[in-house]
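Before I ask anything, let me first share the structure, which is written out below as structure tokens.
The values are calculated or read from the model by the stated rules, or taken from the named source; none is laboratory data. Quantities reported herein were computed from a predicted structural model and do not represent experimental measurements. Note that we place each Cβ from the backbone using ideal geometry, even for glycine, and neighbour counts take in every protein chain shown. Calculation scope for accessible area: heavy atoms of the full protein, side chains included, ligands and nucleic acids excluded. Shrake-Rupley method; radii C 1.70, N 1.55, O 1.52, S 1.80 Å.
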Amino acid sequence: MKFTSTALAVCLATATAFSGPARYAPTKNVAISSALHMSTVVETPAATEQSEPTVMRPPINLPWDSVSTQLMENFGYSAADLANYDTLDTNKEDLMKLYRAMQMARGFENACNQQYMQGKIRGFMHLDNGQESIPALVEYAIKKEDKKLSYYREHTHAIASGVDPGEVMAELFMKDTGSCRGAGGSMHIFDKEHYFQGGWALVCEQLPYAAGAAKSILLDRELKVSDDGTYEKQDVPPPADDDRIAVVFVGEGGAQNGRTAELLNAASKDNLPLLLLVIDNGRAINTFTPDIARNSNVFEQGKHYGVPGLLVDGMDAAQVAKGGKAVIDYIRKGKGPAILQVHTYRFNGHSPADPEHERGRKEEKAWARQAQDPIKGFEDKWISAGMFTEEELKEARKEVLAEVKKCVDFADKSPMPPVELAKELEFPDAPDTDYNLREGPAFADAVNARTIPADKMATIQAHIEALRAKATAGEISIGDAINLAIHEEMLRDPTTTIHAEDLQAGSSYDIPKLTQQTYGKGRAADEIIDEGHFIGKALGEGLNGYRPIVELMNTNFGIYGMAEISSAGNTYATTGGKFKMPMTIIGAGGTAPNQALGAEHSQPFHAYVMGIPGLKIGTAASPAAAYGLTKSMIRDNGPCFLFAPVKMMKESKGPLELGKCMPLNKAALLHEASAEAVSSGKAVTVLTYLHGVKESMMAIESIQEEGFDIDLIELRSLKPLDMETIATSLARTHKLCILDESTKSGGVGATISARVSEELFDLLDAPVKRLCMDDAPVPYAESMEKAVVKRGSDLIEGVFDICTGKW
């Protein structure tokens, strides 16, 4: 059915700042279908001016009786229990709070839309108009100390959580007074004081982060620690009535992502205090969700995991508040996670830049603005009930809009951040930090004493002493060296946690050996086989005062976690330095000659992550390097990634200096070319890492037999790159050969070669010689693999060639 031209002109126009749509009151109810999708049959309600058009997604008009039935059947509430929630209907003060929260959300988003059109807000922006019952619920039932994680449409969630709306607007204006100093923008609102932890731009990435945030609450209780005034852990237990929860917001379209199932599994398994708040506006971006999803009833998806769910009608803010609080109270009582799905409509497109060509979107938006406005629904319901006069609500709205105007003025007058801030936010800790000087928490011994039983402490101390004896004798392996470093650091700092698959069994190389047996399942979590999920959980713990370690078994499995690794690298900068991200990822990787693992297990993942900002990336080809770098990375306040050589984890053995942290920005000179070779022009600087170290060491004798020599430098820090050590060597040799365990295109060697050519060109007497993997996938068969993977024999040829050009 078509609208009149006047109606279309009104409904399709951009929302004017601070204005609201015309009133409309739906009249009939629709029952919830028992099937796994919403009923699409609706009795047509009466419109005030004209017949309602046929809509793709009719309203549910869900009465409180239906909500009460769900609460009794799914959550175990009694009628007497639910009577306590009905008091909201007679509490004028609380109802006014709901109304003001909705008006703040609407007014703020309309102001954002206006400022965006004026060019003062840029980039992507996603508005929340039509969904105001959700921020009203947040302000009504969520506490300051609860952990809140949202997605890219989060302005109103942040404000309802207590974040200063002026700071939110200033963030959108790119100003230094913004919640993240202008570094985050519309999709990345963070506030440490109110535990508002994003604002995450990748769909559903926030779900595993929320699991980690909820886990941090349980860890606080288990360790009997809490946050001090600067949000650092202190040796003070949470209060006896600690009922904090984590709440994570997601759209019903996004909830079709597999991360939802992983979240429900983890939340159920660990009995996490977690609310999955599903904002069901019927659209996946702009696409009609049933066009791409068989089941839009996300609130029912928890049945398989024993997680109850509730569906409420977002048109009725009081009903959302009552039902939502009942669900939240269920979680606060320690009964486990739950799902709340709010059926609503979004009045705006996905973002102001969207063309909205998707089926039925424009028509639905115009209809919903008239027929499904929760603010007008609230006004109609409570004015007719005699709770408020029209003048009372008009005055409240006027006060809220005046506050919104102040936010805009504050943002407009605020200064831009200094240009220097961008580089300052690269790493929380300077690259040259000496981690040997960093002390552990003063409460470590006390926490260890109350959380690790005496027999288990005796067992782990014996294990540590055995490893130290091996280290002193020069017989410790790379895997055991990392395991030793992890145990030393987990005892030194009880906020250190570890996540891995096959963790109980020690994984493939004993890196997490005896961690769960010593520290319990809280601090040492055996995970499902999805690296993205448990890297995400670690990120959530890192946001909340913990220091997680992630063991990947094989670093190539980290491909599953690229989104989470990327966000870990970005977090410190994106939050304007508010949230550090102390997370250490460790795994065996690289590509050794003759390793016979095939293409998928031989990918140069270290090269893949080189382009992620904010990561410190290291490699270790010896037990000493593995031990020293692991300890430093765990102590670092930013995300670090340590790659160890997959084929040398058990075979490479040697001594190490106990207790010593190694720098995260330095390469190591393993062999120095003789003075004679240097003076005769027959010396070459060789840069390599992982298996290339072993290959190069074995090739030195043959190189010397040919009359040449090398400065062999192990690149223990791929990022930041130690250009000083490289320059010192090139000042002697003037020739550079890179034995690279990554591909010709986009590899580590490509990056190094470019930087040397740009920064040290005057030190070169010959072009850089790159001995890198071919761009072809690594074959399984040895005969073919030789054509792809470079080795010691290639280095011998390369040194001869760069010195003589005659090979």
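Could I have the simple spin-label model distance between Ala446 and Ala596, label points 7 Å from Cα toward Cβ, reported in nm to one decimal?
Distance between label points: 5.6 nm.
Quote to one decimal, in nm, the extra length available between Asp801 and Ala781 on full extension: 0.36 nm per residue of separation minus the C-alpha distance between them.
Numbers: separation 20, 0.36 × 20 = 7.20 nm, distance 2.82 nm.
Contour length minus the Cα-Cα distance gives 4.4 nm.
Which number comes out as Rg/Rh for segment 758-802 once both Rg and the Kirkwood Rh are worked out on C-alpha atoms? Working shown, then result.
Numbers: Rg = 13.8 Å, Rh = 12.4 Å.
Rg divided by Rh gives 1.11.
Which angle between 0 and 90 degrees, to the nearest 10, do you get for helix 748-759 versus the longest principal axis of the chain when only C-alpha atoms count?
Approximately 80 degrees, to the nearest 10.
Cut-off 16 Å, label point 7 angstrom out along Cα-to-Cβ of Arg221: give me the residues of segment 275-318 whose amide nitrogen falls inside.
The answer is 275.
From the mean inverse distance of alpha carbon pairs (Kirkwood) and the Cα radius of gyration, derive Rg over Rh for segment 526-625. Mind showing how you got there, number by number?
Values: Rg = 14.2 Å, Rh = 14.4 Å.
Result for segment 526-625 is an Rg/Rh of 0.98.
Now for a separate question. Among DSSP beta bridges lying fully in the chain, give the percent that are antiparallel, nearest 5. Working shown, then result.
Working: 13 of 69 bridges.
Antiparallel bridges: around 20 percent, rounded to the nearest 5.
How much FRET efficiency would the formula 1/(1 + (r/R0)^6) give for Glu145 and Glu439, where r is the Cβ-Cβ distance and R0 is 30 Å, rounded to 0.05?
With a Förster radius of 30 Å, E is 0.60.
I would also like to ask the following. Aspartates and glutamates within cross-link reach of Lys650: Cα-Cα under 12 Å, excluding same-chain residues under 8 positions apart?
Glu475, Asp480, Asp510
With point charges of +1 on the Cβ of Lys and Arg and -1 on the Cβ of Asp and Glu, referenced to the Cα centre of segment 189-307, which listed residue (Phe190, Val307, Gly212) lies farthest in the positive direction of the dipole?
Comparing the listed Cα positions along the dipole, Val307 ranks first.
For the chain, what does the helix formula give at 222 nm: sum of -39500 (n - 2.57) over DSSP H segments with n ≥ 4, over the residue count, nearest 500 deg cm²/dmol? Please report the intermediate quantities before stating the final value.
Working: 28 runs with 323 residues, N = 807.
So the calculated ellipticity at 222 nm is -12500 deg cm²/dmol.
Hey, got the dipole for segment 349-400? About the Cα centre, +1 on K and R Cβ, -1 on D and E Cβ, debye to the nearest 20? Each step should come with its number before you reach the end.
On the way: 10 positive and 13 negative charges, 38 e Å.
With Lys and Arg at +1 and Asp and Glu at -1, about 180 debye.
Compute the FRET efficiency between Ala754 and Ile529 as 1/(1 + (r/R0)^6), taking r as their Cβ-Cβ distance and R0 = 35 Å, and round to the nearest 0.05. Can you show the working numbers first?
On the way: r = 37 Å, r/R0 = 1.06.
After rounding, the FRET efficiency stands at 0.40.
Something else: Using a cut-off of under 13 Å, list every residue of segment 547-583 whose amide N is near the label point 7 Å from the Cα of Leu421 along the Cα-to-beta-carbon line.
Answer for segment 547-583: 573-578.
Further question on the same structure: Suppose the chain between Val236 and Lys405 were pulled fully straight at 0.36 nm per residue; how much longer would it get relative to their current alpha carbon spacing?
Working: separation 169, 0.36 × 169 = 60.84 nm, distance 4.20 nm.
Stretched fully, the Val236-Lys405 segment lengthens by 56.6 nm.
Determine the principal axes of the Cα atoms in the chain, then give the extent along each, sorted from largest to smallest and rounded to whole angstroms.
Between the extreme Cα coordinates on each principal axis of the chain lie 98, 62, 51 Å.
Moving on. If you place +1 on the Cβ of every Lys and Arg, -1 on the Cβ of every Asp and Glu, and leave all else neutral, what size is the dipole of segment 394-441 about its Cα centre, to the nearest 20 Debye?
Values: 8 positive and 12 negative charges, 132 e Å.
So the dipole magnitude of segment 394-441 works out to roughly 640 debye.
Let me ask something additional. Counting only protein heavy atoms and using a 1.4 Å probe, what share of the accessible area of segment 712-807 belongs to carbon plus sulfur, as a whole percent? Please report the intermediate quantities before stating the final value.
On the way: 2240 of 4250 Å².
That share works out to 53 percent.
Using label points projected 7 Å from each Cα along Cα→Cβ, tell me how many nm separate Asn91 and Thr459, to one decimal.
It is 4.9 nm.
A further question follows. Could you size up the charge dipole of the chain around its Cα centre, putting +1 on the beta carbon of Lys and Arg and -1 on that of Asp and Glu, and report it in debye to the nearest 20?
Numbers: 83 positive and 111 negative charges, 181 e Å.
For this selection, approximately 860 debye.
May I ask which residue of Pro639, Thr619, Ala668 lies farthest towards the positive end of the charge dipole of segment 590-697, with charges of +1 (Lys, Arg) and -1 (Asp, Glu) on Cβ and the Cα centre as origin?
Most positive-ward Cα: Pro639.
Return the distance in nm (one decimal) between the two label points of a simple spin-label model at Met56 and Glu724, each offset 7 Å from Cα along Cα→Cβ.
Distance between label points: 6.0 nm.
Go through Lys144/Lys660; Lys92/Lys148; Lys233/Lys405; Lys406/Lys578; Lys537/Lys631; Lys143/Lys362 and tell me which ones have a Cα-Cα distance over 29 Å in this structure. Walk me through the numbers before you get to the answer.
Working: Lys144/Lys660 41 Å; Lys92/Lys148 27 Å; Lys233/Lys405 38 Å; Lys406/Lys578 25 Å; Lys537/Lys631 21 Å; Lys143/Lys362 37 Å.
Too far apart for the 29 Å limit: Lys144/Lys660; Lys233/Lys405; Lys143/Lys362.
Could you grab the relative contact order for the chain? Cα pairs under 8 Å, six or more apart, rounded to a whole percent.
Reported relative contact order: 11 percent.
State the extension gain, in nm to one decimal, for the chain segment bounded by Gln504 and Lys398, taking 0.36 nm per residue of separation less the distance between their alpha-carbons.
32.1 nm is the gain from fully extending Gln504 to Lys398.
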